[in-house]
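Scroll down for the structure; my scribbles are underneath it.
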Amino acid sequence: MKTLYEQLAKDVRFQEGMNACINCGTCTAICPAAEFYDYDPRRVVDLVQSKNEVEIEKLLREDTIWLCGECMSCVTRCPRKNAPGLIIMAMRSLSQDLGYFTDSEKGRQQLALKRTIGKMILDTGYCLYRRWVTPEAHPEGGPIWKWTFDNVDALYERLGCNLDGEGNGVLRKIPQEDLDELKRIFEVTGGMDRYEKIENYSAKKAEEMGLSMDEYITQSVLGKQ
């Protein structure tokens, strides 16, 4: 059986992102996530480069790899052109493949993301479909968000958007044949398999925690253990 490092090394993102880290910490200095979270991309790359299986598995099971915003500021400053953001992407994929993501609070949020953003992408062609981002789901938006939701058609028309309209224009309705092609891309590239793994591993974890799937999602999103 391949080691965790060997499995990571198969990922093209890892191959492009891991050169020779000199542990200078420039990536951490430029990282926006490091400013707000206990997140240190230098430490992540250093641990992975060490090929220490115990430490790599620990990372795959921790919140750490889910704190990166994938902005790629790190690669713009690294003197050796490492890309910690790409390494993180590879680690996230492996964590999902192995089911390790369910061991951390942030990792468990993958199910909520899959069922919201993932569904939006396949069903509408957009990562964020305006009509599905409701005030009830996002009360933090306050009264202005509710007003824009209640008046979405008039507002977007005023802004020159073709919301759900046929033909061209911003936020136009994506033709069904394009959505079918998008789904085929997900199937061929393994995206649908990844979605299924997230569902299956999450269901198993929810059962272990004695929760329904809805309770599992609510607890993971609200940050409750």
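The values are calculated or read from the model by the stated rules, or taken from the named source; none is laboratory data. Small disclaimer: the values here were computed from a predicted structure and weren't measured. For neighbour counting, all protein chains shown are included, and Cβ atoms are generated from backbone atoms with ideal geometry for every residue, glycine included. Heavy atoms of the whole protein, side chains included, go into the accessibility calculation; ligands, DNA and RNA do not. Shrake-Rupley method; radii C 1.70, N 1.55, O 1.52, S 1.80 Å.
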So, in the range 175-190, how many residues would count as being open to solvent by less than 40 Å² (accessible area, probe 1.4 Å) and either at pLDDT below 95 or part of a loop (DSSP other than H, G, I, E, B) (or both)? 1
Take the conditions in a helix (DSSP H, G or I) and either under 25 Å from H138 (Cβ atoms) or under 20 Å from the mean Cα position of the chain (by Cα) (or both) and apply them to E196. Does it pass? yes
Selection within the range 91-119 - without any contact (Cβ under 8 Å) to a residue 40 or more places away in the chain and either of a type in the set (V, I, T) or buried (at least 19 other Cβ atoms within 10 Å of the Cβ) (or both): R92, S95, T116, I117
Which residue pairs have Cβ atoms closer than 6 Å, lie 6 or more positions apart in sequence or on different chains, and pair a first residue in the range 58-78 that is among the small types (G, A, S) and at pLDDT 95 or above with a second residue that is crowded, with 20+ Cβ neighbours inside 10 Å and not in a loop (DSSP other than H, G, I, E, B)? none
Among (1) of a type in the set (D, E, K, R); (2) over 24 Å from S104 (Cβ atoms); (3) exposed (fewer than 14 other Cβ atoms within 10 Å of the Cβ), E16 falls short only on (3)
Which numbered condition S212 fails, given (1) among the hydroxyl-bearing types (S, T, Y); (2) out of contact with any Gly (no Cβ under 6 Å at 6 or more places or on another chain); (3) crowded, with 16+ Cβ neighbours inside 10 Å: (3)
Sort through I30, I88 and tell me the only one that's aliphatic (A, V, I, L, M) and open to solvent by 50 Å² or more (accessible area, probe 1.4 Å). I30
For the range 68-125, which fully contained helices (runs of 4 or more DSSP H) count at least 3 residues that are under 12 Å from the mean Cα position of the chain (by Cα)? 84-98, 105-108, 110-113
Do we find that Y5 is under 24 Å from D193 (Cα atoms), within 18 Å of the chain's Cα centre (by Cα) and either free of Cβ contacts under 8 Å to residues at least 60 places away in the same chain or surrounded by fewer than 21 Cβ atoms within 10 Å (Cβ to Cβ) (or both) in this structure? no
Filter pass, G169 being surrounded by fewer than 14 Cβ atoms within 10 Å (Cβ to Cβ), touching a Cys at 6+ places or on another chain (Cβ under 9 Å) and not charged (D, E, K, R): yes
Matching residues, the range 33-51, being in a helix (DSSP H, G or I) and open to solvent by less than 40 Å² (accessible area, probe 1.4 Å): A33, A34, P41, V44, V45, L47, V48
Within the range 52-84, can you find the residues that are over 16 Å from C21 (Cα atoms), open to solvent by 70 Å² or more (accessible area, probe 1.4 Å) and β-branched (V, I, T)? V54
Per the filter on the range 134-166, residues part of a loop (DSSP other than H, G, I, E, B), surrounded by 15 or more Cβ atoms within 10 Å (Cβ to Cβ) and either over 27 Å from the mean Cα position of the chain (by Cα) or of a type outside the set (D, E) (or both) are P135, C161, N162, L163
